[in-house]
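Since the structure comes first, as structure tokens, the remarks are kept for the end.
The values are calculated or read from the model by the stated rules, or taken from the named source; none is laboratory data. Note that this is a predicted model, so its numbers are computed, not measured. For neighbour counting, all protein chains shown are included, and Cβ atoms are generated from backbone atoms with ideal geometry for every residue, glycine included. All accessible areas refer to the heavy atoms of the entire protein, side chains included, with ligands and DNA or RNA removed. Shrake-Rupley method; radii C 1.70, N 1.55, O 1.52, S 1.80 Å.
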Amino acid sequence: MALIRNASNFTEGLVNGLGQHVAKLDETAWGVNISTCYKYCGSIRFPVFSFPRFAGTFTNFLLPWLALTAQLPYEARDAYKNIISFCLAVGSPALITYSLVLTILNRYWIRNQFQELLERARDRGVNNKYRAFNERVAAAQYLLQEAQQVPLRASQDQGWLSSLIVVPGNEEWWQNLKNRLAHSRRGVTVSLAFQLLAAILAWIFTVSAAFKSSLGDGTQGLDISSGSTWIWLIPVICGWIMVGTQYFYGALQHDLSVDAAYRAIDNGNGNTVQETQQGIFSRPINAWPRRPQWLGMSVQGDEAIEGPAYNYARVFTWWRFATIVRDGFDATINNIAHDRTCHGEEWDLLLRDENLTGDMEQTAAYCGLTSDQPLPPYIENISADIWKRILIASLFAIFMQWGTTGPAILIAYLTPTQGLGCRSGSYVLYGIFGTLAWATLVISSMISHAVMVREQGGNRGWRYSILCALAVLTRMFGKTVVVVNAIWLILSSLFQYIGMFENCWCQGCELSLGVKGWIMLFKSSADHADSAPSQWGGGIAMSIIVCVIAFMFFYLACKENSD
């Protein structure tokens, strides 16, 4: 290439800015066609690896983003599952955004549901009869909002759930649970603030410097597009902080079991026993329903894995748990408002606690249950409201995936030589596979739910075996895609920085232009300074707008959800 650039009488394969042939090397010549490039350069890269360039671009465009991934929500059981959590996010911004938006919408829904319950519990007709009951309702709401990162289950075994809802004396258990959940909630830390600030400032300063000193430089534009593929991290991480997660694995199960609670017993005189509660738990205490496997792999899938990254698979079981708890409190408040006692006698204003004291059967009936009533976690009839939340989360997932990947494609595509080449093509692949992984894993979670519904009901026909296989295969395929995509995003950035794309095939955009591809040699950044602001600015502006919209949505939704 140096030979061609320095030869003033070179005329072979010259082209203009549109890739059209020109006769001589003058101001109309921009470069050479791809066949000439192959003739003089073959498969040799140009230029050779430059460590100063690699160090500068890696430090400015990639390292701050890689460091920021440490603030993604993990909280899984072991290193392997945390690595998969990393891949689920980096390999598919659509999937981590989908989980986040579902979590926010679930919070919004449960807040609206419990707001009515709280108003009724604080009403004089209820509050004067059972003054502390509204605090129990508020604590239950807080549990449902903050505990979506675990597979919650409700159990009426030995009348436990109804006892937690109704039995006097359990106010302290509920309040302590709420306080512990608030204490173990992940908040804004110094490391989070500094890593966010470092990533934002590094991106802003680097882009500003490029506009000021390197406007029109194709290499600089491609570096900007590479860094822009990571910008979704900012609103997503902020969103998870705002919606709230527990900051270590097992926090919820510990908070649920650390205190003893009162349980009504079946002796006919309203006595209670105090022991470790088993009405609400995040890990199975029995084998129902059985956890089926296919070729040694769990069919239940990611729904059983603790961690915010897996919230996408819990949308149905969380809703089932939330409605069981909500209905129990609703029935109890309704009975208190109508002066109905737990034991069936007249309401006595002087004996407040005794009004809600009964045996196991009476306590269960008071909140609309029966003693030892099975509470299946998997439901066949899905509410339309759940599908609405899934649709909104899906649209937002696609918006985030392509709203940040799209600008990177745009900048790389419009940087001469204009066309779909190695850089823009790598971003297209990243967006496609990120979307594919999200869609596949969401479908897999729905198939897993369908299997568990059949397992729960003992319906194991021929469709059951097919669904088991589909649930596992789609989950394995989706996770393979997302892991490969996460690796590909990092490698494609590194390839850009070390010069792997500096070859005839990539520089000439042969992927899309074919034999019409050409390589720019005779123009400098000054020749592109006029068009660069619209090319770079359009992509950068689109990235910023997408992030601002996402951040404002997360902020307003979470602010609306706070009391």
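Taking every residue in the stretch 132-158 that is under 19 Å from residue 353 (Cα atoms) and pairing it with any residue that is small (Gly, Ala, Ser) and modelled with pLDDT of 90 or more, at least 6 positions away or on another chain, the pairs with Cβ-Cβ distances below 6 Å are 133/121; 134/121; 137/121.
Regarding residue 411, is this residue under 25 Å from the mean Cα position of the chain (by Cα), more than 30 Å from residue 160 (Cβ to Cβ) and not aromatic (Phe, Trp, Tyr)?
Values: under 25 Å from the mean Cα position of the chain (by Cα): no; more than 30 Å from residue 160 (Cβ to Cβ): yes; not aromatic (Phe, Trp, Tyr): yes.
Answer is no for this residue.
Restricting the stretch 509-554 to residues that are open to solvent by less than 70 Å² (accessible area, probe 1.4 Å) and either among the hydroxyl-bearing types (Ser, Thr, Tyr) or on the phi > 0 side of the Ramachandran plot (or both), the residue that is modelled with the highest pLDDT is 543.
Taking the numbered list (1) within 29 Å of the chain's Cα centre (by Cα); (2) modelled with pLDDT under 90; (3) in a helix (DSSP H, G or I) in turn, residue 390 passes all entries but (2).
The condition of being part of a helix (DSSP H, G or I), open to solvent by 10 Å² or more (accessible area, probe 1.4 Å), out of contact with any Phe, Trp or Tyr (no Cβ under 6 Å at 6 or more places or on another chain) and closer than 30 Å to residue 524 by Cβ holds for only one of 80, 38, that being 38. Checking each residue in the stretch 55-77 for being surrounded by fewer than 19 Cβ atoms within 10 Å (Cβ to Cβ), within 22 Å of residue 312 (Cβ to Cβ) and modelled with pLDDT of 90 or more picks out 69, 70.
Out of 486, 439, 469, I need the residue that is over 17 Å from residue 226 (Cβ atoms) and open to solvent by less than 30 Å² (accessible area, probe 1.4 Å). Which one?
On the way: 486 fails: over 17 Å from residue 226 (Cβ atoms); 439 fails: open to solvent by less than 30 Å² (accessible area, probe 1.4 Å).
The unique qualifying residue is 469.
Per-residue answers, yes or no, for (1) surrounded by fewer than 16 Cβ atoms within 10 Å (Cβ to Cβ); (2) hydroxyl-bearing (Ser, Thr, Tyr); (3) in contact with an Asp or Glu (Cβ under 9 Å, 6 or more places away or on another chain):
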site	(1), (2), (3)
124	yes, no, no
140	no, no, no
145	no, no, no
157	no, no, yes
190	yes, no, no
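Is it the case that residue 200 is free of Cβ contacts under 8 Å to residues at least 60 places away in the same chain and among the β-branched types (Val, Ile, Thr)? Please lay out each step first, then the result.
Values: free of Cβ contacts under 8 Å to residues at least 60 places away in the same chain: yes; among the β-branched types (Val, Ile, Thr): yes.
In short, yes.
What's the total number of residues in the stretch 447-463 that are buried (at least 16 other Cβ atoms within 10 Å of the Cβ) and of a type outside the set (D, E, K, R)?
First pass over the stretch 447-463, keeping only residues buried (at least 16 other Cβ atoms within 10 Å of the Cβ): 447-456.
Imposing the further condition that a residue be of a type outside the set (D, E, K, R) reduces the set to 447-453, 456.
Qualifying residue count for the region: 8.
Residue count for the stretch 161-171 under the criterion of being surrounded by 24 or more Cβ atoms within 10 Å (Cβ to Cβ) and in a helix (DSSP H, G or I): the result is 6. When restricted to residues that are in a loop (DSSP other than H, G, I, E, B), under 21 Å from residue 263 (Cβ atoms) and open to solvent by less than 60 Å² (accessible area, probe 1.4 Å), the stretch 344-357 contains 2. Considering (1) open to solvent by 20 Å² or more (accessible area, probe 1.4 Å); (2) over 29 Å from residue 361 (Cα atoms), the lone condition that residue 224 does not fulfil carries the number (1).
Based on this model, can you work out whether residue 491 counts as open to solvent by less than 60 Å² (accessible area, probe 1.4 Å) and closer than 20 Å to residue 423 by Cα? It would help to see each step written out before you state the result.
Details: open to solvent by less than 60 Å² (accessible area, probe 1.4 Å): no; closer than 20 Å to residue 423 by Cα: yes.
So residue 491 fails the test.
Conditions tested, residue by residue: (1) touching a strand residue (DSSP E or B) at 6+ places or on another chain (Cβ under 6 Å); (2) modelled with pLDDT under 90.
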{"site": "159", "(1), (2)": "yes, no"}
{"site": "162", "(1), (2)": "no, no"}
{"site": "165", "(1), (2)": "no, no"}
{"site": "171", "(1), (2)": "no, no"}
{"site": "183", "(1), (2)": "no, no"}
{"site": "190", "(1), (2)": "no, yes"}
{"site": "193", "(1), (2)": "no, no"}
{"site": "206", "(1), (2)": "no, yes"}
{"site": "212", "(1), (2)": "no, yes"}
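All conditions but one from (1) closer than 30 Å to residue 153 by Cβ; (2) among the hydroxyl-bearing types (Ser, Thr, Tyr); (3) touching a residue at least 40 places away in the same chain (Cβ under 8 Å) apply to residue 225; the one that does not is (1). Checking each residue in the stretch 21-35 for being open to solvent by less than 50 Å² (accessible area, probe 1.4 Å) and touching a Gly at 6+ places or on another chain (Cβ under 8 Å) picks out 32, 33, 34. Consider the stretch 367-387 and keep the residues that are assigned to a helix (DSSP H, G or I) and without any contact (Cβ under 8 Å) to a residue 40 or more places away in the chain. The one that is least open to solvent (accessible area, probe 1.4 Å) is 384. Considering the conditions (1) under 30 Å from residue 521 (Cβ atoms); (2) in contact with a Gly (Cβ under 6 Å, 6 or more places away or on another chain), residue 440 is excluded by exactly one of them, (1). Looking only at residues that are part of a strand (DSSP E or B) and surrounded by 15 or more Cβ atoms within 10 Å (Cβ to Cβ) in the stretch 270-294, which one is modelled with the highest pLDDT? Checked the stretch 270-294; the qualifying residue modelled with the highest pLDDT is 280.
In this structure, does residue 499 turn out to be closer than 14 Å to residue 36 by Cβ, surrounded by 15 or more Cβ atoms within 10 Å (Cβ to Cβ) and modelled with pLDDT of 75 or more? So residue 499 does not fit the description; no. Could you go through the stretch 408-423 and let me know if any residue there is within 16 Å of residue 488 (Cα to Cα), at pLDDT below 95, in a helix (DSSP H, G or I) and open to solvent by less than 10 Å² (accessible area, probe 1.4 Å). Checked against the condition, which is being within 16 Å of residue 488 (Cα to Cα), at pLDDT below 95, in a helix (DSSP H, G or I) and open to solvent by less than 10 Å² (accessible area, probe 1.4 Å), the stretch 408-423 yields at least one hit.
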